[in-house]
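Below you'll find the structure, written out as structure tokens, and then a few comments.
The values are calculated or read from the model by the stated rules, or taken from the named source; none is laboratory data. Keep in mind the model is a prediction, meaning the values are calculated, not measured. When we count neighbours, we look across all protein chains shown, and the Cβ atoms used for this are built from the backbone with ideal geometry, even at glycine. What goes into the accessible areas is simple: the full protein's heavy atoms, side chains included, and nothing from ligands, DNA or RNA. Shrake-Rupley method; radii C 1.70, N 1.55, O 1.52, S 1.80 Å.
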Amino acid sequence: MPNQLDFVFFDIGGTLGDGNAAGKFVAFPSTAGLLQSMRELALRVGIITTLGPQLSNAEALDMLEQSGLSQFLDPQGFVPDHDAGVAKPNPEIYRLAAQRAGVEISRCLVCRRKLGRGHRRHSRRHESSVETVPARADLPS
């Protein structure tokens with residue numbers, strides 16, 4: 001059965017890693033293996049993220065380089081809010097990601113962190129969230 005997916009996009013923080021006490025991004029121990037497995041399955045890997053005003057594209061790319069994750073990423077797969085002009089979950093950022101990757105949006109998957117319900121101030125539970133990118137009919141023109 002051929003792949004029904006061509007591209008898997010991840011968020012950065014809380015999905016591929018987190019900041020340490022010094023404020024430096026550190027990849028989770030399982031992240032490199034996960035991304036390598038994606039590539040072995042002939043899937044292209046990218047990032048869709050909201051950086052906000054505190055982080056530039058260059059700083060985010062440097063952060064990925066320093067953490068050792070940039071080696072797994074497709075050159076066309078880095079799509080921050082700065083480039084899209086909108087933040088997640090606005091569908092336009094997903095449309096731009098698929099367009100840059102040169103793939104049909106229906107052949108993309110998004111994996112991101114999702115803060116669990118019932119979290120308390122000092123106790124957070126993170127869950128993975130795997131979603132298909134919205135169908136073209138769901139995206140504004």
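Full-extension gain between H82 and L61, please, as 0.36 nm times their residue separation minus the C-alpha to C-alpha distance. Before the final figure, lay out the partial values.
On the way: separation 21, 0.36 × 21 = 7.56 nm, distance 1.29 nm.
Answer, rounded to one decimal: 6.3 nm.
Among bridges DSSP assigns within the range 1-61, what percent are antiparallel (round to 5)? All intermediate terms of the calculation are to be shown ahead of the outcome.
On the way: 3 of 8 bridges.
The antiparallel proportion sits near 40 percent.
Less than 11 Å Cβ to Cβ from D6, Lys/Arg counted +1 and Asp/Glu -1: what total charge do the surrounding residues give?
Value of the local net charge: 0.
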Counting DSSP beta bridges with both ends in the range 1-116, the antiparallel % (nearest 5):
20
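Might you tell me the accessible area per residue for the range 1-107, computed with a 1.4 Å probe and given in Å²?
For the range 1-107, the per-residue accessible area is 52 Å².
Find, among the GluC sites (Glu not before Pro) in the range 34-109, those assigned to loop by DSSP (not H, G, I, E, B) with at most 15 other beta-carbon atoms within 10 angstrom. Let's see the in-between values first.
Values: sites: E40, E59, E65, E92, E104; in loops: E104.
Sites meeting the loop and neighbour criteria: E104.
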Starting from the Cα gyration tensor of the range 1-97, take the square roots of the eigenvalues, sort them a ≥ b ≥ c, and report rounded, prolate or oblate (rounded when a/c is under 1.5, otherwise prolate if a/b is larger than b/c, else oblate).
oblate
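If the chain between Q71 and Q36 were fully stretched, how many nm would it gain, using 0.36 nm times the residue separation less the Cα-Cα distance? Show your work: numbers first, answer last.
On the way: separation 35, 0.36 × 35 = 12.60 nm, distance 0.94 nm.
Answer, rounded to one decimal: 11.7 nm.
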Full-extension gain in nm, N90 to K24, via 0.36 nm per residue minus C-alpha separation:
21.0 nm
